[in-house]
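Laboratory data are not the source of any read-out in this text; all were calculated from the coordinates shown. Fair warning: this is a prediction, and the values are worked out from it, not measured in the lab. Quick reminder, even Gly has a Cβ in these numbers, built from the backbone with ideal geometry, and neighbours come from all protein chains shown.
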Amino acid sequence: MKKILEMISDEMKNAFEQAGYDRELGKVTLSNRPDLCEYQCNGAMAGAKQYKKAPIMIANDVAAKLTDSNIFARAEAVAPGFLNLTLKNAFVGAYVKDMRMEEKYGLEETKNPAKIVIDYGGPNVAKPLHVGHLRSAIIGESVKRIARYAGHRVTGDIHLGDWGQPMGLIMNELKIRKPELVYFDENYTGEYPAEPPFTISELEEIYPFASKRSKEDEAYKADAMACTYKLQSGEKGYRALWDHIIAVSVMDLKKNYERLNVAFDLWNGESAVHDMIPGMVDAMKKGGYAYVSEGALVVDVKEETDTKEIPPCMILKSDGAALYNTTDLATIMMRMETEQPDRILYVVDKRQELYFEQVFRCARKTKLVKDDTELKFLGFGTMNGKDGKPFKTREGGVMRLESLIAEINEEMLRKIKESRDTSDEEAAATAQIVGLAALKYGDLSNQAVKDYIFDIDRFTSSEGDTGPYILYTIVRIKSILAKYRENGGDIQSVFSDIKAPVNDSEKQLMMELAKFNASIETACEEYAPHKICAYIYDLANAFNRFYHETKILAEEDASRKAGWIALLGLTRDVLETSIDLLGFSAPDRM
Ligand code: ARG
């Protein structure tokens, strides 16, 4: 379906043309004086010079061509030469009715579907998820859903941190604590046990312990590095132990991501490309791209136009070990082979921007990707506490994601119980749904690249630009529809009975609804979930205004009432579709 703004602009362009002016002057925008008109066109001002005429004369000529327009109820030329536009109610009603008949409410799927890999999540095994990983998951999931909805073919890959030094640290510490484990016995020839020799809580305790000690104890650190080496060179006991670490961690991670309504298509880790590294390194050497500098193997990635120093990309350390970017480069190589993406999108903390610039340049230079493969970094800012510093627990430690979710759910539960009488069970289930909305909307309503302040009171508030406010609006609509049904109304039979609006708040609501396709398209093109938040916030406001000014269920004119019920149904569907693109859902009652 054509966007409403395009239809309006086309009408205006035709009028410019009919009046003898360049049709491109007929661009229409939303009014910046909503008290005067709904849309405006400033083309007459822009054309004054070209036609050596006073703008108001041009505007008058154009307005004269619009007196019997099907789209504009009023097209007024006002000094010094603006065209103030008001839409016909019948046009707005018909547009929204057409939306209702379309599967995606008027959004046309992209004509150029791309194959996109989104690299997001990026947790590290054996380390608890913390708030730093939260943003990647929330933003990446939404960007993925939006692109998919717009018609692209999208694969989400978690890119687990599962291969580097932390693995050696854990294994070395395990070896100290449980030296009797068969995994450490070089002469062991039997099958390794199927049961892991630790629980997830043990693992999560071991890593920080070992990491801390390695910073204070050189010999300990050297032992851990030796363990990493044994793992990476394929020693079978270490590989078997590693398999357990991965299995236990991944099971825990899946549980956590499920709770966040985040789902990955691929659970590949850095380890998945380990065997590809030697071949890649060889090719980089043979191609003349990689050379040895101070013992390490590097690829230069600086360009003449650089205004700041871009250091070379290090491929292998002087001891031959692979680095974070070695696995990232090999992962690009693997994705090109298995997924053949047109675009790879990385949703990662913006502090890694320079790092990715190096990786991208290196991948291009060494021809790991095709000339037209797009490598795109979508960096996000930090989630800060109320003090403006990176979010911490009350005790000052790194906040575990689980604790954060628990905190927000508790606050939600308190609010729900305060506001109405429900069973504990229902209240707890609702608190989970609304808590997730509070958390995700609080994050996504900010432009990703910006830092934001995590404010539990504001995020869980049912008023203002918040997730719970959007959910309250949806629940309100659901409850009106339920009452209509209880009173014998049949929603299905009035499904598309949308009519021309009869009052201003109804028209405003329709005009907000009509922006759906344009909003989703922009959100997709700009990887900007916050644009969907802004859209649904305006839509929810418009709905609530309509609701407060209209006695829907008490309306006596059955046909008018049916029209409103149909409009409510569409509003609910558009809101629910939008929040699904953001990665959360609404309960039936709140
Ligand atoms: N595991 C990394 C971290 O915790 C994030 C991974 C981001 N993705 C990537 N392809 N490097 O910082």
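For this structure, a couple of remarks:
- Gained length - N32 relative to Q447, 0.36 nm times residue gap less alpha-carbon distance: 147.1 nm
- Label zone at N487 (point 7 Å along Cα-to-Cβ), backbone N below 19 Å, region 552-590: 552-572
- Dipole in debye (nearest 20) - the chain, about Cα centre, beta carbon charges: Lys, Arg +1; Asp, Glu -1: 1280
- Summarising the overall dimensions of region 360-441 from its C-alpha atoms, the Rg and Dmax are 20.8, 64 angstrom.
- Bins of 10 Å from zero: percent of alpha-carbon pairs in region 1-80: 20, 57, 22, 1
- Note on region 229-301: Cα convex hull, mean projected area over all directions, 7.6 nm².
- Computed over all pairs of different Cα atoms, the Kirkwood value for the hydrodynamic radius of the chain is 27.7 Å.
- The share of Cα pairs per 10 Å bin across region 325-470, counted from zero up to the longest distance, runs 10, 30, 23, 20, 13, 4, 0 percent.
- Between 0 and 90°, nearest 10: helix 55-64 axis offset from the chain longest Cα axis: 70
- Positive-end ranking of N187, L260, G279 along the dipole of region 183-292, with charges on Cβ about the Cα centre, is headed by G279.
- Cα-based convex hull, region 414-490, per residue volume (Å³, whole number): 112
- Simple point charges give the picture: +1 on the Cβ of Lys and Arg, -1 on the Cβ of Asp and Glu, and for region 137-190 a dipole about the Cα centre of about 460 debye.
- Equivalent ellipsoid dimensions for region 90-238 as semi-axes, Å, which come from the Cα gyration tensor, largest first: 50, 17, 13
- Chain lengthening between R560 and Q352 when straightened (0.36 nm per residue, less Cα-Cα): 69.3 nm
- Gap separating the Cα centres of region 68-90 and region 166-239, nearest whole Å: 74
- Against the chain, whose longest principal axis comes from its Cα atoms, helix 218-232 is set at around 70 degrees.
- Judged by a Cβ-Cβ distance under 4.7 Å, the unpaired cysteines of the chain are C37, C41, C227, C524, C533.
- When +1 charges are put on Lys and Arg Cβ atoms and -1 charges on Asp and Glu Cβ atoms, the dipole computed for region 264-374 relative to its Cα centre reaches about 200 debye.
- Cα pair count fraction exceeding 17 Å, expressed as % - region 270-367: 51
- The ranking of H130, H548 by Cβ neighbour count inside 10 Å, starting from the fewest, reads H548, H130.
- Look at where the Cα atoms of region 8-58 and of region 506-550 average out, and the two centres are 26 Å apart.
- Here is the size of region 88-163 from its Cα atoms: Rg then Dmax, 18.7, 63 Å.
- Whichever lysines have a C-alpha closer than 27 Å to that of K175, once near sequence neighbours (fewer than 8 apart) are set aside: K127, K212, K215, K221, K230, K236, K317
- With the cut-off at under 17 Å, measuring from each backbone N in region 150-184 to a point 7 Å along the Cα-to-Cβ line of A114 picks out 150-157.
- Full-stretch length increase - K2, D243 - with 0.36 nm per residue and alpha-carbon distance subtracted: 81.5 nm
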